[in-house]
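Quick note: the coordinates plus some simple rules give every number you see, no bench work behind them. Since the structure is predicted, the reported quantities are computational estimates derived from the model, not experimental observations. All Cβ positions, glycine included, derive from the backbone under ideal geometry; neighbour counts span all protein chains shown.
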Amino acid sequence: MGLLIDCFSVFTDYLYSILHPEICEDPQHTYAAHFEVGGLFSVLTHHLENGAAEEPKEMAEIMLTIMR
């Protein structure tokens, strides 16, 4: 699970650098990215613990709603 969190962190940093390069130098960026990774990991864990009942498309919609 630790490796998964590390991968999420690297991917989130990469997305921020591509989508919002102007904020990557801001220290708040690092904390925001780690906060999002923690939330994503928690949602994924909850989803798996509950038998992954929701389809991937439904999970994507749930996450997009949360992140807006």
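Observations, loosely collected:
- Loop sites by DSSP among the GluC sites (Glu not before Pro) of the chain, restricted to those with at most 15 other Cβ atoms within 10 angstrom, leave 26-53 as the longest stretch without any of them.
- Per-residue HN-Hα couplings for segment 34-50 [Karplus 6.51, -1.76, 1.60; θ = phi - 60°; Hz; x = Gly/Pro]: 5, 4, 5, 4, x, x, 4, 4, 5, 5, 4, 4, 4, 4, 5, 5, 9
- Estimated from helices alone, the mean residue ellipticity of the chain at 222 nm is -26500 deg cm²/dmol (sum of -39500 (n - 2.57) over DSSP H runs with n ≥ 4, per residue).
- The residues packed around His47, meaning those with a beta-carbon under 15 Å from its beta-carbon, carry a net charge of -4 if Lys and Arg are +1 and Asp and Glu are -1.
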